[in-house]
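First comes the structure, then the notes that go with it.
Since every read-out is calculated from the coordinates, none of them should be taken as a lab result. As the structure is a prediction and not an experimental result, all values here were calculated from the model. No Cβ is skipped: glycine too gets one built from the backbone with ideal geometry, and neighbour counts run over all protein chains shown.
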Amino acid sequence: MQEQEKTNLYLVPTPIGNLEDITLRAIRVLKEVDVILAEDTRTSGKLLQHLGIEKRMHSHHLHNEHKASAHLIDRLKAGEVMALISDAGTPGISDPGFYLVRECLKNGLKVECLPGPTAFVPALVKSGFSTDRFTFEGFLPVKKGRQTRLQSLAEEERTMIFYESPHRLLKTLTQFKEFFGGEREASVSREISKMFEETLNGTLDELIHIFTTKAIKGEFVVVVAGAAKGSKTDKE
């Protein structure tokens, strides 16, 4: 019987809100690995304490990912087994992870990604829009390239999913109206899996009105219906 190839790096999703949203397998892996790479060791330290896990942690975030990866590859090659976690959700989805995974694969190291929490899936499913085909856009460029990206999506027929911060939500919805039309249907979810989880559905015009008069707090996922097949969006 052939010996199973050893996993060098595990990508372990962590809860995006409710601490119960972590799998038994994820807990086991976090207990078994040699080191946990965490986006913010303070945030992850609270989770590990809640789970009763005592483990060495190293900081691994967007600002040190490129610099730290070469050293981590050497350690993985030497036999250490590591788990990468982000502050919340699945590593690599609008969070650190992509570069380290790519470097591991280049060096013949086995990477395993556990299934688990990510914000865009529940937001998509409960939006009521088509899930047969969709595009995940993550965070739009803040400045350079933003208008170009929106223009390229104006006639996108697949359901579109975006992440957005509270201080840019209204601006983003207003720009969606400009490029997609005020009658385009959309869904805005905030604080998924947390105590004040909320989803609002309506046209972009309706959602802009709501958030013009409503306190904007939390982390947001915006789901926008795709353009009607064969149609061209009328800008308003």
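Observations on the structure shown:
- L37 long-range amide H proximity, modeled H, under 5 Å: H58, A83, L84, I85
- Extending 7 Å from the Cα toward the beta-carbon at both S59 and A228 defines two label points whose distance is 5.3 nm.
- DSSP beta bridge pairing in the chain, given as percent antiparallel to the nearest 5: 50 percent
- Efficiency of FRET between R25 and K217 - r from beta-carbon atoms, R0 22 angstrom, step 0.05: 0.10
- The stretch between M195 and R102, if pulled fully straight at 0.36 nm per residue, gains 29.9 nm over its current Cα-Cα span.
- Take 36-45, 102-111 and order them by the average number of nearby Cβ atoms within 10 Å per residue, most first; the result is 36-45, 102-111.
- If the segment from H209 to H71 were pulled out straight at 0.36 nm per residue, it would be longer than the present Cα-Cα gap by 44.6 nm.
- Packing here is the average count of other Cβ atoms within 10 Å per residue, and on that basis the peptides 116-125, 17-26, 86-95, highest first, run 86-95, 116-125, 17-26.
- Inter-centroid distance (Cα atoms) of segment 120-162 relative to segment 22-70, Å: 30 Å
- Prolate/oblate/rounded label for segment 1-115 (Cα gyration tensor, a/c 1.5): oblate
- Annotation: extensible slack from E112 through T131 equals 4.3 nm (criterion: 0.36 nm per residue apart, minus Cα-Cα distance).
- Restraint check, K126/K177; K67/K143; K67/K106; K171/K214; K31/K55, Cα-Cα greater than 19 Å: K126/K177; K67/K143
- Distant-in-sequence amide contacts of G218, defined by a placed amide H-H separation under 5 Å and a gap of 5 or more residues or a different chain, comprise nothing.
- Whole-number percent relative contact order across the chain, with pairs defined as alpha carbons under 8 Å at least 6 apart: 21 percent
- Cα shape, segment 94-216, gyration tensor, a/c 1.5 rule: prolate
- Nearest-0.05 FRET efficiency for L51 and E157, computed from C-beta distance (R0 25 Å): 0.05
- Mean separation of Cα contacts under 8 Å (6+ apart) over length of segment 128-225, as relative contact order %: 33 percent
- Overall, the anisotropy analysis places the chain in the prolate class: the square-rooted eigenvalues a ≥ b ≥ c of its C-alpha gyration tensor yield a/c not less than 1.5, with a/b exceeding b/c.
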